[in-house]
Amino acid sequence: MAGTESGRDIKARFGKARRIALAFALVLSALVIYAAVNYWTEQAAAQIRQKAAETLAVQTEILSGVLQKYRLLPPLLGRQDDIAALFTSDWPWPQKQALAKLKAEEVAGMSGAREVTFLMPDGALFASARDIYRPEPAGSAELTSAARHGILGRIAVSLDNADRAYAFGAGVRRGGELLGVIAVYAGFEGIEEAWSLSTNPVFVSNESGIVILTNRPEWRLKPAALILNDRSNQRRYVDLLRDLPLLGWQLHVLAEQAPARNAGLIAATVTTLLCIVAGATVLLVLNRREGVQLQMRKDRAQSLRLERLVRDRTKALSLINQSLSHEVDERIQAEQKLRKAQTELIQTAKLAVLGQMAATLSHEMNQPLAAMRTYADNAGRLLALDRPADVASTLDRITAMVDRMAELSGALLSFSRKPGVEKRQVSLAAVLNEALILVRPRAAREGVKLSESAGLEDFKVLGGRIRLSQVFVNLINNAIDALRGQADAQIVISARREGDDVVTLIADNGPGIPAEIHDAIFDPFFTTKPPGEGIGVGLSIVYNIVQDFGGSIRLIDRGENGCTFELRLRAADGD
(Lines give C-alpha, C1' and ligand atoms only; values in the text may rest on other atoms or scores of the structure.)
Protein backbone atom coordinates (compact mmCIF):
# COMPACT_ATOMS: atom_id res chain seq x y z
CA MET A 1 0.00 0.00 0.00
CA ALA A 2 2.91 2.32 0.73
CA GLY A 3 4.23 1.82 -2.82
CA THR A 4 1.00 3.02 -4.49
CA GLU A 5 0.28 5.92 -2.09
CA SER A 6 1.71 9.37 -2.52
CA GLY A 7 3.30 11.22 0.35
CA ARG A 8 0.20 13.42 0.59
CA ASP A 9 -2.02 10.32 0.83
CA ILE A 10 0.14 8.86 3.62
CA LYS A 11 0.06 12.14 5.57
CA ALA A 12 -3.73 12.39 5.09
CA ARG A 13 -4.21 8.79 6.26
CA PHE A 14 -2.11 9.27 9.40
CA GLY A 15 -3.74 12.66 10.09
CA LYS A 16 -7.11 10.91 10.08
CA ALA A 17 -5.70 8.16 12.32
CA ARG A 18 -4.39 10.79 14.74
CA ARG A 19 -7.79 12.50 14.92
CA ILE A 20 -9.53 9.16 15.55
CA ALA A 21 -6.94 8.21 18.18
CA LEU A 22 -7.30 11.62 19.83
CA ALA A 23 -11.10 11.32 19.98
CA PHE A 24 -10.87 7.77 21.32
CA ALA A 25 -8.24 8.83 23.87
CA LEU A 26 -10.41 11.70 25.08
CA VAL A 27 -13.45 9.45 25.54
CA LEU A 28 -11.41 6.68 27.18
CA SER A 29 -9.58 9.18 29.40
CA ALA A 30 -12.87 10.69 30.54
CA LEU A 31 -14.20 7.25 31.44
CA VAL A 32 -10.98 6.25 33.23
CA ILE A 33 -10.80 9.53 35.14
CA TYR A 34 -14.47 9.26 36.10
CA ALA A 35 -14.01 5.66 37.29
CA ALA A 36 -10.82 6.50 39.20
CA VAL A 37 -12.38 9.52 40.92
CA ASN A 38 -15.47 7.50 41.89
CA TYR A 39 -13.41 4.55 43.13
CA TRP A 40 -10.97 6.53 45.29
CA THR A 41 -13.69 8.88 46.52
CA GLU A 42 -15.77 5.86 47.58
CA GLN A 43 -12.74 4.25 49.21
CA ALA A 44 -11.96 7.41 51.18
CA ALA A 45 -15.64 7.90 52.03
CA ALA A 46 -15.85 4.29 53.24
CA GLN A 47 -12.85 4.85 55.51
CA ILE A 48 -14.40 8.08 56.80
CA ARG A 49 -17.69 6.32 57.50
CA GLN A 50 -15.85 3.43 59.18
CA LYS A 51 -13.91 5.77 61.47
CA ALA A 52 -17.08 7.73 62.24
CA ALA A 53 -18.90 4.47 63.02
CA GLU A 54 -16.10 3.50 65.40
CA THR A 55 -16.31 6.92 67.06
CA LEU A 56 -20.10 6.50 67.29
CA ALA A 57 -19.70 3.12 69.00
CA VAL A 58 -17.13 4.47 71.46
CA GLN A 59 -19.20 7.54 72.36
CA THR A 60 -22.33 5.40 72.74
CA GLU A 61 -20.44 3.17 75.18
CA ILE A 62 -19.21 6.23 77.10
CA LEU A 63 -22.72 7.69 77.42
CA SER A 64 -24.34 4.35 78.23
CA GLY A 65 -21.60 3.43 80.71
CA VAL A 66 -21.91 6.66 82.69
CA LEU A 67 -25.70 6.54 82.84
CA GLN A 68 -25.69 2.79 83.59
CA LYS A 69 -23.59 3.36 86.71
CA TYR A 70 -25.95 5.99 88.06
CA ARG A 71 -29.00 3.92 87.05
CA LEU A 72 -27.99 1.20 89.51
CA LEU A 73 -27.35 3.53 92.46
CA PRO A 74 -30.97 4.33 93.55
CA PRO A 75 -32.17 0.67 93.69
CA LEU A 76 -29.03 -0.37 95.57
CA LEU A 77 -29.30 2.50 98.05
CA GLY A 78 -33.01 1.78 98.54
CA ARG A 79 -32.14 -1.66 99.92
CA GLN A 80 -29.81 -0.35 102.64
CA ASP A 81 -31.29 -0.47 106.12
CA ASP A 82 -29.48 2.66 107.32
CA ILE A 83 -31.16 4.70 104.58
CA ALA A 84 -34.58 3.16 105.34
CA ALA A 85 -34.01 4.07 108.99
CA LEU A 86 -33.76 7.74 108.01
CA PHE A 87 -37.43 7.60 106.93
CA THR A 88 -38.79 5.37 109.74
CA SER A 89 -36.89 6.52 112.84
CA ASP A 90 -38.57 8.49 115.67
CA TRP A 91 -35.74 11.04 115.82
CA PRO A 92 -36.62 14.73 115.77
CA TRP A 93 -37.18 16.05 112.28
CA PRO A 94 -34.15 18.42 112.24
CA GLN A 95 -31.88 15.57 113.35
CA LYS A 96 -33.33 13.24 110.70
CA GLN A 97 -32.80 15.88 108.02
CA ALA A 98 -29.22 16.51 109.14
CA LEU A 99 -28.41 12.77 109.08
CA ALA A 100 -30.11 12.37 105.70
CA LYS A 101 -28.12 15.30 104.29
CA LEU A 102 -24.86 13.76 105.53
CA LYS A 103 -25.81 10.45 103.88
CA ALA A 104 -26.71 12.19 100.61
CA GLU A 105 -23.39 14.08 100.66
CA GLU A 106 -21.51 10.81 101.25
CA VAL A 107 -23.23 9.08 98.30
CA ALA A 108 -22.72 12.10 96.01
CA GLY A 109 -19.06 12.42 97.00
CA MET A 110 -18.23 8.75 96.43
CA SER A 111 -20.18 8.36 93.17
CA GLY A 112 -19.43 11.77 91.66
CA ALA A 113 -23.15 12.40 91.10
CA ARG A 114 -24.23 15.97 90.48
CA GLU A 115 -26.91 15.75 93.18
CA VAL A 116 -28.46 13.12 95.48
CA THR A 117 -31.84 13.84 97.05
CA PHE A 118 -34.18 11.99 99.43
CA LEU A 119 -37.90 12.62 98.81
CA MET A 120 -40.94 11.88 100.90
CA PRO A 121 -43.67 9.63 99.38
CA ASP A 122 -45.64 12.76 98.40
CA GLY A 123 -42.64 14.19 96.49
CA ALA A 124 -41.64 16.74 99.16
CA LEU A 125 -37.91 17.28 99.65
CA PHE A 126 -36.50 15.43 102.67
CA ALA A 127 -32.76 16.13 102.21
CA SER A 128 -30.23 16.77 99.44
CA ALA A 129 -26.45 16.64 99.12
CA ARG A 130 -25.74 19.99 97.50
CA ASP A 131 -29.11 21.81 97.63
CA ILE A 132 -29.02 22.44 93.88
CA TYR A 133 -32.74 21.83 93.36
CA ARG A 134 -34.62 23.83 95.95
CA PRO A 135 -37.34 24.22 97.04
CA GLU A 136 -38.65 21.47 94.76
CA PRO A 137 -36.22 18.96 93.18
CA ALA A 138 -36.38 18.83 89.38
CA GLY A 139 -38.51 15.94 88.15
CA SER A 140 -39.63 14.96 91.66
CA ALA A 141 -43.24 14.37 90.58
CA GLU A 142 -42.27 11.95 87.79
CA LEU A 143 -39.73 10.09 89.95
CA THR A 144 -42.20 9.77 92.87
CA SER A 145 -44.94 8.52 90.55
CA ALA A 146 -42.63 5.84 89.13
CA ALA A 147 -41.61 4.77 92.65
CA ARG A 148 -45.26 4.34 93.66
CA HIS A 149 -45.67 1.91 90.75
CA GLY A 150 -42.56 0.00 91.81
CA ILE A 151 -40.48 0.88 88.76
CA LEU A 152 -37.24 2.77 88.24
CA GLY A 153 -37.93 6.42 87.45
CA ARG A 154 -35.82 8.31 84.94
CA ILE A 155 -36.06 11.83 83.48
CA ALA A 156 -33.84 14.43 81.84
CA VAL A 157 -33.96 17.70 83.77
CA SER A 158 -32.75 21.30 83.39
CA LEU A 159 -31.84 20.91 79.71
CA ASP A 160 -32.18 24.65 79.11
CA ASN A 161 -29.62 25.86 81.66
CA ALA A 162 -26.21 25.06 83.15
CA ASP A 163 -27.69 22.45 85.55
CA ARG A 164 -28.30 19.86 82.82
CA ALA A 165 -28.63 16.40 84.33
CA TYR A 166 -30.36 13.03 84.01
CA ALA A 167 -32.17 11.79 87.10
CA PHE A 168 -32.81 8.21 88.23
CA GLY A 169 -35.17 7.49 91.09
CA ALA A 170 -36.13 4.39 93.09
CA GLY A 171 -38.42 3.86 96.06
CA VAL A 172 -37.40 2.86 99.59
CA ARG A 173 -39.84 0.13 100.59
CA ARG A 174 -40.24 -2.00 103.70
CA GLY A 175 -43.09 -4.48 104.02
CA GLY A 176 -44.62 -3.31 100.77
CA GLU A 177 -44.95 0.28 102.04
CA LEU A 178 -43.28 3.18 100.17
CA LEU A 179 -41.23 5.04 102.78
CA GLY A 180 -39.56 7.52 100.43
CA VAL A 181 -37.73 8.03 97.15
CA ILE A 182 -33.99 8.25 96.39
CA ALA A 183 -33.10 10.39 93.34
CA VAL A 184 -29.59 10.47 91.83
CA TYR A 185 -28.81 13.24 89.29
CA ALA A 186 -26.00 12.47 86.80
CA GLY A 187 -24.29 15.53 85.30
CA PHE A 188 -23.29 15.70 81.64
CA GLU A 189 -20.02 17.67 82.00
CA GLY A 190 -17.81 14.56 82.15
CA ILE A 191 -19.47 13.09 79.07
CA GLU A 192 -18.93 16.27 77.03
CA GLU A 193 -15.31 16.45 78.24
CA ALA A 194 -14.76 12.90 76.97
CA TRP A 195 -16.37 13.85 73.65
CA SER A 196 -14.06 16.85 73.36
CA LEU A 197 -11.24 14.38 72.64
CA SER A 198 -12.98 13.46 69.37
CA THR A 199 -12.20 15.53 66.27
CA ASN A 200 -15.67 14.70 64.91
CA PRO A 201 -18.69 16.79 65.95
CA VAL A 202 -20.80 14.69 68.36
CA PHE A 203 -24.23 15.56 69.71
CA VAL A 204 -27.30 13.96 71.31
CA SER A 205 -30.85 15.04 70.50
CA ASN A 206 -33.89 14.27 72.68
CA GLU A 207 -37.40 13.20 71.68
CA SER A 208 -38.18 16.77 70.62
CA GLY A 209 -35.16 16.91 68.31
CA ILE A 210 -33.30 19.42 70.52
CA VAL A 211 -29.53 19.08 71.00
CA ILE A 212 -28.90 18.46 74.70
CA LEU A 213 -25.31 17.16 74.66
CA THR A 214 -22.53 18.11 72.24
CA ASN A 215 -18.82 18.82 71.94
CA ARG A 216 -19.76 21.94 69.93
CA PRO A 217 -21.09 24.41 72.56
CA GLU A 218 -22.65 26.66 69.91
CA TRP A 219 -25.01 23.81 68.87
CA ARG A 220 -26.42 23.22 72.36
CA LEU A 221 -30.23 23.57 72.68
CA LYS A 222 -30.60 24.09 68.91
CA PRO A 223 -32.88 21.86 66.80
CA ALA A 224 -30.91 18.93 65.37
CA ALA A 225 -32.77 19.30 62.06
CA LEU A 226 -31.52 22.89 61.76
CA ILE A 227 -27.90 21.72 62.20
CA LEU A 228 -28.21 18.76 59.83
CA ASN A 229 -30.07 20.77 57.17
CA ASP A 230 -27.54 23.58 57.25
CA ARG A 231 -26.14 23.68 53.70
CA SER A 232 -22.59 24.30 54.90
CA ASN A 233 -22.79 21.32 57.29
CA GLN A 234 -24.28 19.08 54.57
CA ARG A 235 -21.31 19.86 52.35
CA ARG A 236 -18.77 19.31 55.15
CA TYR A 237 -20.12 16.33 57.08
CA VAL A 238 -21.70 12.89 56.80
CA ASP A 239 -24.20 12.13 59.58
CA LEU A 240 -24.07 8.77 61.37
CA LEU A 241 -26.60 8.24 64.14
CA ARG A 242 -27.58 5.60 66.67
CA ASP A 243 -30.86 5.37 68.57
CA LEU A 244 -30.74 5.11 72.36
CA PRO A 245 -34.21 3.53 72.89
CA LEU A 246 -34.07 3.37 76.67
CA LEU A 247 -33.45 7.12 76.81
CA GLY A 248 -35.50 8.08 73.75
CA TRP A 249 -32.47 9.95 72.40
CA GLN A 250 -30.38 9.85 69.22
CA LEU A 251 -26.57 10.03 69.19
CA HIS A 252 -25.07 11.68 66.11
CA VAL A 253 -21.45 11.66 64.90
CA LEU A 254 -20.60 13.93 61.94
CA ALA A 255 -17.67 12.82 59.77
CA GLU A 256 -15.66 15.32 57.70
CA GLN A 257 -16.09 14.82 53.92
CA ALA A 258 -13.03 16.85 52.87
CA PRO A 259 -10.64 13.82 52.80
CA ALA A 260 -12.97 12.05 50.35
CA ARG A 261 -13.05 15.10 48.08
CA ASN A 262 -9.28 15.44 48.33
CA ALA A 263 -8.85 11.76 47.45
CA GLY A 264 -11.05 12.26 44.37
CA LEU A 265 -9.06 15.36 43.34
CA ILE A 266 -5.75 13.52 43.73
CA ALA A 267 -7.10 10.53 41.78
CA ALA A 268 -8.31 12.88 39.01
CA THR A 269 -4.93 14.62 38.83
CA VAL A 270 -2.88 11.42 38.75
CA THR A 271 -5.20 9.71 36.26
CA THR A 272 -5.21 12.77 33.99
CA LEU A 273 -1.42 12.84 33.95
CA LEU A 274 -1.29 9.12 33.14
CA CYS A 275 -3.82 9.58 30.32
CA ILE A 276 -1.79 12.48 28.91
CA VAL A 277 1.36 10.33 28.96
CA ALA A 278 -0.48 7.43 27.31
CA GLY A 279 -1.97 9.73 24.65
CA ALA A 280 1.42 11.30 23.95
CA THR A 281 2.90 7.81 23.58
CA VAL A 282 0.21 6.83 21.06
CA LEU A 283 0.82 10.01 19.02
CA LEU A 284 4.56 9.40 19.11
CA VAL A 285 4.05 5.86 17.78
CA LEU A 286 1.80 7.14 14.97
CA ASN A 287 4.32 9.82 14.04
CA ARG A 288 7.11 7.28 13.89
CA ARG A 289 5.07 4.91 11.76
CA GLU A 290 4.24 7.78 9.43
CA GLY A 291 7.91 8.61 9.16
CA VAL A 292 8.77 4.97 8.44
CA GLN A 293 6.16 4.70 5.68
CA LEU A 294 7.24 7.98 4.09
CA GLN A 295 10.80 6.76 4.10
CA MET A 296 9.77 3.41 2.60
CA ARG A 297 7.90 5.25 -0.17
CA LYS A 298 10.94 7.38 -0.86
CA ASP A 299 13.17 4.30 -1.00
CA ARG A 300 10.66 2.55 -3.28
CA ALA A 301 10.55 5.52 -5.65
CA GLN A 302 14.33 5.62 -5.81
CA SER A 303 14.43 1.91 -6.55
CA LEU A 304 11.88 2.34 -9.32
CA ARG A 305 13.94 5.13 -10.84
CA LEU A 306 17.00 2.90 -10.77
CA GLU A 307 15.08 0.00 -12.31
CA ARG A 308 13.76 2.28 -15.04
CA LEU A 309 17.26 3.51 -15.74
CA VAL A 310 18.61 -0.05 -15.92
CA ARG A 311 15.77 -1.13 -18.16
CA ASP A 312 16.36 1.79 -20.55
CA ARG A 313 20.06 1.12 -20.69
CA THR A 314 19.55 -2.59 -21.26
CA LYS A 315 17.11 -1.93 -24.07
CA ALA A 316 19.53 0.49 -25.71
CA LEU A 317 22.37 -2.02 -25.46
CA SER A 318 20.18 -4.76 -26.86
CA LEU A 319 19.37 -2.61 -29.89
CA ILE A 320 22.98 -1.79 -30.33
CA ASN A 321 23.90 -5.47 -29.98
CA GLN A 322 21.37 -6.41 -32.59
CA SER A 323 22.67 -3.79 -35.03
CA LEU A 324 26.32 -3.86 -34.26
CA SER A 325 27.66 -7.29 -33.40
CA HIS A 326 31.17 -5.99 -33.36
CA GLU A 327 30.28 -3.86 -30.37
CA VAL A 328 29.52 -6.92 -28.18
CA ASP A 329 32.58 -6.41 -26.07
CA GLU A 330 31.73 -2.79 -25.57
CA ARG A 331 28.17 -3.74 -24.63
CA ILE A 332 29.47 -6.31 -22.14
CA GLN A 333 31.68 -3.68 -20.56
CA ALA A 334 28.78 -1.25 -20.49
CA GLU A 335 26.64 -3.85 -18.77
CA GLN A 336 29.35 -4.45 -16.22
CA LYS A 337 29.62 -0.71 -15.55
CA LEU A 338 25.86 -0.50 -15.29
CA ARG A 339 25.70 -3.33 -12.78
CA LYS A 340 28.49 -1.74 -10.81
CA ALA A 341 26.66 1.59 -10.83
CA GLN A 342 23.47 -0.17 -9.76
CA THR A 343 25.30 -1.88 -6.92
CA GLU A 344 26.85 1.40 -5.83
CA LEU A 345 23.50 3.17 -5.99
CA ILE A 346 21.85 0.46 -3.89
CA GLN A 347 24.70 0.67 -1.38
CA THR A 348 24.39 4.44 -1.39
CA ALA A 349 20.68 4.15 -0.67
CA LYS A 350 21.39 1.78 2.17
CA LEU A 351 23.96 4.17 3.62
CA ALA A 352 21.45 7.02 3.29
CA VAL A 353 18.87 5.05 5.23
CA LEU A 354 21.43 4.19 7.89
CA GLY A 355 22.44 7.84 8.11
CA GLN A 356 18.86 8.95 8.55
CA MET A 357 18.28 6.29 11.19
CA ALA A 358 21.44 7.34 12.97
CA ALA A 359 20.35 10.97 12.84
CA THR A 360 16.93 10.08 14.17
CA LEU A 361 18.37 8.00 17.00
CA SER A 362 20.87 10.72 17.81
CA HIS A 363 18.08 13.31 17.96
CA GLU A 364 15.94 11.08 20.17
CA MET A 365 18.86 10.38 22.50
CA ASN A 366 20.08 13.96 22.70
CA GLN A 367 16.97 15.16 24.52
CA PRO A 368 17.23 12.84 27.59
CA LEU A 369 21.00 13.18 27.54
CA ALA A 370 20.68 16.94 27.60
CA ALA A 371 18.14 16.73 30.42
CA MET A 372 20.37 14.37 32.36
CA ARG A 373 23.28 16.71 31.86
CA THR A 374 21.19 19.65 33.09
CA TYR A 375 20.03 17.76 36.16
CA ALA A 376 23.58 16.65 36.89
CA ASP A 377 24.85 20.24 36.55
CA ASN A 378 22.08 21.51 38.84
CA ALA A 379 22.80 18.79 41.40
CA GLY A 380 26.48 19.65 41.26
CA ARG A 381 25.76 23.31 41.84
CA LEU A 382 23.39 22.55 44.75
CA LEU A 383 25.91 20.20 46.31
CA ALA A 384 28.63 22.79 45.83
CA LEU A 385 26.39 25.28 47.65
CA ASP A 386 25.94 22.70 50.43
CA ARG A 387 22.19 22.44 49.78
CA PRO A 388 21.51 18.69 49.70
CA ALA A 389 18.00 19.26 51.08
CA ASP A 390 17.04 21.13 47.88
CA VAL A 391 18.23 18.20 45.76
CA ALA A 392 15.98 15.79 47.69
CA SER A 393 13.04 18.13 48.32
CA THR A 394 10.92 16.89 45.41
CA LEU A 395 11.45 13.24 46.32
CA ASP A 396 10.68 14.02 49.99
CA ARG A 397 7.38 15.63 49.06
CA ILE A 398 6.42 12.65 46.87
CA THR A 399 7.38 10.25 49.69
CA ALA A 400 5.34 12.23 52.21
CA MET A 401 2.27 12.16 49.93
CA VAL A 402 2.54 8.38 49.42
CA ASP A 403 2.93 7.84 53.23
CA ARG A 404 -0.35 9.90 54.12
CA MET A 405 -2.55 8.03 51.63
CA ALA A 406 -1.51 4.78 53.12
CA GLU A 407 -2.63 5.97 56.92
CA LEU A 408 -7.10 7.43 56.83
CA SER A 409 -6.25 3.28 54.96
CA GLY A 410 -5.18 2.06 57.49
CA ALA A 411 -7.25 4.80 61.08
CA LEU A 412 -7.89 6.03 60.72
CA LEU A 413 -9.89 1.40 63.52
CA SER A 414 -10.16 1.87 65.69
CA PHE A 415 -10.05 2.97 69.06
CA SER A 416 -13.86 3.12 69.48
CA ARG A 417 -14.62 -0.31 67.63
CA LYS A 418 -16.12 -2.39 70.11
CA PRO A 419 -13.18 -4.23 71.69
CA GLY A 420 -12.91 -7.98 71.90
CA VAL A 421 -11.71 -9.99 74.87
CA GLU A 422 -9.24 -12.26 73.16
CA LYS A 423 -5.50 -11.74 73.47
CA ARG A 424 -3.41 -11.41 70.37
CA GLN A 425 -0.07 -10.02 69.28
CA VAL A 426 -0.15 -6.20 69.08
CA SER A 427 2.53 -3.60 68.45
CA LEU A 428 3.24 -1.44 71.49
CA ALA A 429 4.19 1.51 69.24
CA ALA A 430 0.94 1.22 67.23
CA VAL A 431 -1.17 1.17 70.41
CA LEU A 432 0.69 4.19 71.81
CA ASN A 433 0.32 6.09 68.53
CA GLU A 434 -3.45 5.56 68.60
CA ALA A 435 -3.61 6.74 72.21
CA LEU A 436 -1.44 9.80 71.53
CA ILE A 437 -3.71 10.86 68.66
CA LEU A 438 -6.47 11.24 71.26
CA VAL A 439 -4.51 12.86 74.10
CA ARG A 440 -2.02 15.02 72.23
CA PRO A 441 -4.48 17.92 71.54
CA ARG A 442 -5.38 18.15 75.24
CA ALA A 443 -1.71 17.95 76.26
CA ALA A 444 -0.86 20.79 73.90
CA ARG A 445 -3.73 22.84 75.27
CA GLU A 446 -2.53 22.29 78.86
CA GLY A 447 1.10 23.01 77.96
CA VAL A 448 2.28 19.45 78.71
CA LYS A 449 5.17 18.06 76.66
CA LEU A 450 4.79 14.41 75.55
CA SER A 451 7.92 12.46 74.63
CA GLU A 452 8.62 8.82 73.74
CA SER A 453 11.85 6.92 74.03
CA ALA A 454 13.36 5.32 70.95
CA GLY A 455 12.80 1.65 70.13
CA LEU A 456 9.11 1.34 71.06
CA GLU A 457 8.39 -0.19 67.66
CA ASP A 458 10.57 -3.19 68.61
CA PHE A 459 8.13 -4.42 71.28
CA LYS A 460 5.07 -6.59 70.72
CA VAL A 461 2.82 -7.68 73.57
CA LEU A 462 -0.17 -9.97 74.16
CA GLY A 463 -3.42 -8.04 74.52
CA GLY A 464 -6.18 -6.22 72.67
CA ARG A 465 -5.25 -3.16 70.64
CA ILE A 466 -8.34 -1.10 71.48
CA ARG A 467 -8.39 -1.94 75.19
CA LEU A 468 -4.64 -1.30 75.56
CA SER A 469 -5.15 2.08 73.85
CA GLN A 470 -7.76 2.81 76.51
CA VAL A 471 -5.18 1.96 79.22
CA PHE A 472 -2.66 4.47 77.85
CA VAL A 473 -5.32 7.15 77.29
CA ASN A 474 -6.46 6.89 80.92
CA LEU A 475 -2.93 6.94 82.36
CA ILE A 476 -1.78 9.88 80.21
CA ASN A 477 -4.97 11.87 80.89
CA ASN A 478 -4.46 11.36 84.64
CA ALA A 479 -0.90 12.64 84.29
CA ILE A 480 -2.12 15.69 82.34
CA ASP A 481 -4.64 16.43 85.11
CA ALA A 482 -1.87 16.26 87.71
CA LEU A 483 0.40 18.59 85.68
CA ARG A 484 -2.26 21.23 85.03
CA GLY A 485 -0.86 24.73 85.53
CA GLN A 486 2.78 23.54 85.92
CA ALA A 487 5.28 25.51 83.84
CA ASP A 488 7.74 22.72 82.95
CA ALA A 489 5.16 19.94 82.70
CA GLN A 490 6.25 16.87 80.78
CA ILE A 491 5.34 13.19 80.39
CA VAL A 492 7.93 10.60 79.29
CA ILE A 493 6.93 7.17 77.91
CA SER A 494 9.58 4.43 77.74
CA ALA A 495 9.73 0.65 77.49
CA ARG A 496 12.20 -2.16 78.10
CA ARG A 497 12.30 -5.96 77.95
CA GLU A 498 12.57 -7.96 81.16
CA GLY A 499 12.56 -11.71 80.57
CA ASP A 500 9.22 -12.72 79.08
CA ASP A 501 7.66 -9.34 79.92
CA VAL A 502 7.64 -5.91 78.31
CA VAL A 503 7.73 -3.15 80.93
CA THR A 504 6.31 0.25 79.95
CA LEU A 505 6.90 3.32 82.14
CA ILE A 506 4.71 6.43 82.05
CA ALA A 507 6.44 9.11 84.14
CA ASP A 508 5.54 12.75 84.85
CA ASN A 509 7.19 15.50 86.88
CA GLY A 510 4.04 16.55 88.72
CA PRO A 511 3.43 16.89 92.47
CA GLY A 512 3.22 13.12 93.00
CA ILE A 513 0.70 11.04 94.99
CA PRO A 514 0.83 11.02 98.81
CA ALA A 515 2.16 7.75 100.20
CA GLU A 516 -0.85 7.23 102.46
CA ILE A 517 -3.21 6.75 99.49
CA HIS A 518 -0.97 4.57 97.29
CA ASP A 519 -2.92 1.44 98.20
CA ALA A 520 -6.29 3.01 97.32
CA ILE A 521 -5.67 4.57 93.91
CA PHE A 522 -6.87 1.48 92.00
CA ASP A 523 -10.09 1.17 94.06
CA PRO A 524 -13.36 1.99 92.23
CA PHE A 525 -14.75 5.51 92.87
CA PHE A 526 -11.58 6.64 94.63
CA THR A 527 -10.42 10.02 93.34
CA THR A 528 -8.38 12.98 94.52
CA LYS A 529 -10.07 15.36 92.07
CA PRO A 530 -12.67 17.94 93.19
CA PRO A 531 -16.35 16.89 92.95
CA GLY A 532 -17.66 16.97 89.40
CA GLU A 533 -14.22 16.53 87.78
CA GLY A 534 -13.95 12.77 88.06
CA ILE A 535 -15.73 9.70 89.35
CA GLY A 536 -12.67 7.66 90.31
CA VAL A 537 -13.00 4.74 87.90
CA GLY A 538 -10.18 5.47 85.43
CA LEU A 539 -7.37 3.67 87.25
CA SER A 540 -9.75 0.89 88.29
CA ILE A 541 -10.56 0.27 84.62
CA VAL A 542 -6.85 0.28 83.78
CA TYR A 543 -6.15 -2.23 86.54
CA ASN A 544 -8.90 -4.63 85.39
CA ILE A 545 -7.89 -4.46 81.71
CA VAL A 546 -4.24 -5.20 82.54
CA GLN A 547 -5.30 -8.09 84.79
CA ASP A 548 -7.45 -9.51 81.95
CA PHE A 549 -4.35 -9.62 79.75
CA GLY A 550 -2.31 -11.41 82.42
CA GLY A 551 -0.23 -8.33 83.25
CA SER A 552 0.21 -6.02 86.20
CA ILE A 553 0.39 -2.31 86.98
CA ARG A 554 1.88 -0.54 89.97
CA LEU A 555 2.80 2.95 91.14
CA ILE A 556 6.51 3.57 91.69
CA ASP A 557 7.01 5.84 94.69
CA ARG A 558 9.06 8.93 93.75
CA GLY A 559 8.00 11.16 96.61
CA GLU A 560 7.34 14.72 95.45
CA ASN A 561 9.25 14.26 92.17
CA GLY A 562 6.22 13.10 90.21
CA CYS A 563 4.50 9.81 89.45
CA THR A 564 5.66 6.78 87.49
CA PHE A 565 3.25 3.96 86.58
CA GLU A 566 4.89 0.67 85.64
CA LEU A 567 2.81 -1.39 83.18
CA ARG A 568 4.01 -4.98 82.80
CA LEU A 569 2.62 -7.11 79.93
CA ARG A 570 3.55 -10.48 78.47
CA ALA A 571 5.80 -10.23 75.42
CA ALA A 572 4.24 -11.66 72.27
CA ASP A 573 7.23 -13.98 71.70
CA GLY A 574 7.39 -15.14 75.34
CA ASP A 575 6.57 -18.68 76.48
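The values are calculated or read from the model by the stated rules, or taken from the named source; none is laboratory data. Just so we're clear, the structure is a prediction, and the values are computed from it rather than from any experiment. Because the Cβ atoms are built from the backbone with ideal geometry, glycine has one as well, and the counts that use them run over all protein chains shown. Surface accessibility is based on the protein's heavy atoms, side chains included, excluding ligands, DNA and RNA. Shrake-Rupley method; radii C 1.70, N 1.55, O 1.52, S 1.80 Å.
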Could you tell me whether any residue of the range 19-38 is of a type outside the set (Val, Ile, Thr), under 22 Å from ARG288 (Cβ atoms), open to solvent by 80 Å² or more (accessible area, probe 1.4 Å) and part of a loop (DSSP other than H, G, I, E, B)? no
Of the residues in the range 131-145, those that are surrounded by 19 or more Cβ atoms within 10 Å (Cβ to Cβ) and at pLDDT 85 or above number 2
In the range 94-113, which residue that is in contact with a Phe, Trp or Tyr (Cβ under 8 Å, 6 or more places away or on another chain) and open to solvent by 50 Å² or more (accessible area, probe 1.4 Å) is nearest to LEU77 (Cα to Cα)? MET110
Those residues of the range 67-106 which are assigned to a helix (DSSP H, G or I), in contact with a helix residue (DSSP H, G or I) (Cβ under 7 Å, 6 or more places away or on another chain) and either of a type in the set (S, T, N, Q) or under 14 Å from GLY180 (Cβ atoms) (or both), in sequence order: LEU77, ILE83, LEU86, LYS96, LEU99, ALA100, LYS103
Wholly within the range 201-261, which strands (runs of 3 or more DSSP E) include no fewer than the required count, namely at least 2 residues that are among the acidic types (Asp, Glu) and open to solvent by less than 10 Å² (accessible area, probe 1.4 Å)? none
Checking VAL116 against (1) β-branched (Val, Ile, Thr); (2) open to solvent by 50 Å² or more (accessible area, probe 1.4 Å); (3) within 14 Å of GLY169 (Cα to Cα), which single condition isn't satisfied? (2)
Selection from the range 271-305 of residues open to solvent by 70 Å² or more (accessible area, probe 1.4 Å), over 30 Å from VAL37 (Cβ atoms), under 58 Å from the mean Cα position of the chain (by Cα) and not polar (S, T, N, Q) yields ARG288, ARG289, VAL292
Looking only at residues in the range 481-521 that are in contact with a Lys or Arg (Cβ under 6 Å, 6 or more places away or on another chain) and more than 17 Å from ASN561 (Cβ to Cβ), which one is least open to solvent (accessible area, probe 1.4 Å)? VAL503
So which residues in the range 431-466 are assigned to a helix (DSSP H, G or I), open to solvent by 40 Å² or more (accessible area, probe 1.4 Å) and within 18 Å of ALA571 (Cα to Cα), if there are any at all? GLU457, ASP458, ARG465
Go through the range 542-565 and count every residue that is loosely packed, with under 14 Cβ neighbours inside 10 Å, within 30 Å of the chain's Cα centre (by Cα) and part of a strand (DSSP E or B). 0
If I filter the range 467-480 down to residues being farther than 17 Å from LEU569 by Cβ and of a type outside the set (Val, Ile, Thr), which single residue comes out as most open to solvent (accessible area, probe 1.4 Å)? ASN478
Does VAL310 satisfy the criteria of being surrounded by fewer than 16 Cβ atoms within 10 Å (Cβ to Cβ) and more than 30 Å from GLY65 (Cα to Cα)? no
Residues satisfying the stated conditions in the range 557-571, i.e. within 16 Å of ASN474 (Cβ to Cβ) and of a type in the set (A, V, I, L, M, F, W, C): CYS563, PHE565, LEU567, LEU569
